[in-house]
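Below is one structure; the comments refer to it alone.
The values are calculated or read from the model by the stated rules, or taken from the named source; none is laboratory data. Remember, it's a predicted structure, so these values are computed and weren't measured experimentally. Backbone-built Cβ (ideal geometry, glycine too); neighbour counts: all protein chains shown. Ligands, DNA and RNA are stripped out before the accessible areas are found, and what is left, the full protein with its side chains, is counted by its heavy atoms. Shrake-Rupley method; radii C 1.70, N 1.55, O 1.52, S 1.80 Å.
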Amino acid sequence: MNSKVNGATPVLRVENLSHSFGEGQARVEALRGVSFEARAGEVTAIVGPSGCGKSTMLYLLGLLDQPDSGEIYLRGKPMTQADDSTRTALRNKSIGFVFQFHFLIKEFTARENVAMPLRKAGVLSDEALFQAEKFLKQLGLSDKAKRFANKLSGGEQQRVAIARALVNSPDLILADEPTGNLDAANSDRVFDVLLKFARDNGPAVILVTHNPELAKRCDRRLPMLDGKFVEE
Ligand SMILES: Nc1ncnc2c1ncn2[C@@H]1O[C@H](COP(=O)(O)OP(=O)(O)OP(=O)(O)O)[C@@H](O)[C@H]1O
Ligand SMILES: [Mg+2]
């Protein structure tokens, strides 16, 4: 295990996070008081059956919604009090996302999609595209770099989304089934890139996976059931 794993301040600390959807009869308690920490360089797998709250958790950790109660600390700073502009800035600079649905911009090429977070951070176009191509190469997509996103297969789009999440070296990487659409070989390749990236660059990685083999290769697994973490 990487020595960075045991660093002092956790990248992420979650305290008693709860979240529900809907009202009255239709109310769903998606998260019921979840607490955990994630450290730099550490890869955590959240596992559990469909509907147990995994995506809801990543969504909240990604500062895309406010929890009903509880607190999220990013590098020790409480996030629920932060104003929208602070949250947006942190999201752009410090968090890399791989969603269950990729949300690529279809009028952009693969490399333009990957370059987006760098462009937002003020990196000049040529340099951003150069960096984007480096990540696409690691994910086996060199020959697809200039192809429009809507002309790529589902698995290729997923790998582009992963390159986009890594390109600006975020502190926290959130990945919802990052290998869900991939065949075994590409699933391994993507997983290797994520693990190596965590080891080399030290972000905390939190991923959701239904693949027990991949979950085993993570530093730890947090099994979830009905909106809570449970013993394995
Ligand atoms: N926008 C929403 N409105 C109402 N209910 C929702 C909404 N999003 C999620 N839920 C409900 O919250 C619960 C948790 O959903 P979530 O998407 O977090 O599950 P999951 O563990 O990611 O499942 P999967 O493995 O199928 O992706 C489920 O009961 C789901 O139906
Ligand atoms: Mg989900």
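Ellipsoid semi-axes for the range 141-232, based on the Cα gyration tensor and the rule √(5λ), read 25, 16, 12 Å when sorted largest first. Heavy-atom surface analysis with a 1.4 Å probe gives the range 187-232 a carbon and sulfur content of 47 percent of its accessible area.
Per-peptide packing, taken as the mean over residues of other Cβ atoms within 10 Å, places 128-136, 214-222 in the sequence 128-136, 214-222 from highest down. Kirkwood analysis of the range 35-81, using all unique Cα-Cα pairs, places the hydrodynamic radius at 12.1 Å. Solvent-accessible surface of the chain, taken per residue with a 1.4 Å probe and all protein chains present: 49 Å². What pairs in LYS93/LYS137; LYS93/LYS196; LYS54/LYS146; LYS54/LYS77; LYS77/LYS137 have C-alpha atoms more than 25 Å from each other? Pairs exceeding 25 Å: LYS54/LYS146; LYS77/LYS137. The Rg/Rh ratio of the chain, with Rg taken over Cα atoms and Rh as the Kirkwood radius over Cα pairs, comes to 0.96. Less than 5 angstrom separates the built amide H of GLY33 from those of LEU17, SER18, HIS19, all sequence-distant by 5 or more or on a different chain. Counting protein heavy atoms only, the range 1-103 has 51 percent of its accessible area on carbon and sulfur, 1.4 angstrom probe. Near ILE46, the amide H atoms lying under 5 Å from its own belong to LEU207, VAL208, THR209, LEU222; only residues 5 or more places off or on other chains count, and H is placed 1.01 Å from N. Taking θ as phi - 60° and the Karplus parameters 6.51, -1.76 and 1.60, the scalar couplings of the range 207-222 work out to 10, 9, 8, 9, 9, x, 5, 5, 4, 5, 7, 6, 5, 7, 10, 10 Hz in sequence order, x denoting glycine and proline. Ranking of THR88, THR209 by solvent-accessible surface, largest first: THR88, THR209 (1.4 Å probe, protein heavy atoms only, all chains present).
Assuming a ≥ b ≥ c are the square roots of the Cα gyration tensor eigenvalues, decide whether the range 66-158 counts as rounded (a/c under 1.5), prolate (otherwise, with a/b larger than b/c) or oblate. It is prolate, given that a/c is not under 1.5 and a/b is the larger ratio. Where a ≥ b ≥ c are the square roots of the eigenvalues of the C-alpha gyration tensor, would you call the range 1-110 rounded, which needs a/c under 1.5, or, failing that, prolate if a/b is larger than b/c, or oblate? Rounded is the answer for the range 1-110, as its axis ratio a/c remains below 1.5.
Modelled label positions at ASP192 and ARG32, each set 7 Å beyond Cα in the direction of Cβ, lie 4.2 nm from each other. Put simply, the amide H of LEU225, placed in the peptide plane, has neighbours under 5 Å in VAL230, leaving out anything fewer than 5 places away on its chain.
In the chain, helices alone account for a calculated mean residue ellipticity at 222 nm of -10500 deg cm²/dmol, with every DSSP H run of four or more residues adding -39,500 (n - 2.57).
For the range 181-232, what class follows from the C-alpha gyration tensor (a ≥ b ≥ c being the square roots of its eigenvalues): rounded when a/c is under 1.5, otherwise prolate if a/b is larger than b/c, else oblate? Verdict is oblate for the range 181-232.
Computed 3J(HN,Hα) for the range 100-110, one whole-Hz value per residue from the Karplus formula 6.51 cos²θ - 1.76 cosθ + 1.60 where θ = phi - 60°, is 4, 10, 7, 6, 7, 8, 6, 7, 9, 6, 3, glycine and proline marked x.
Between the beta carbons of SER142 and ASN16, assuming R0 = 30 Å, the FRET efficiency works out to 0.10 to the nearest 0.05. What separates the Cα centres of the range 27-65 and the range 206-232 is a distance of 10 Å.
Inter-part distance, the range 156-172 to the range 89-117, computed on C-alpha centroids, equals 7 Å.
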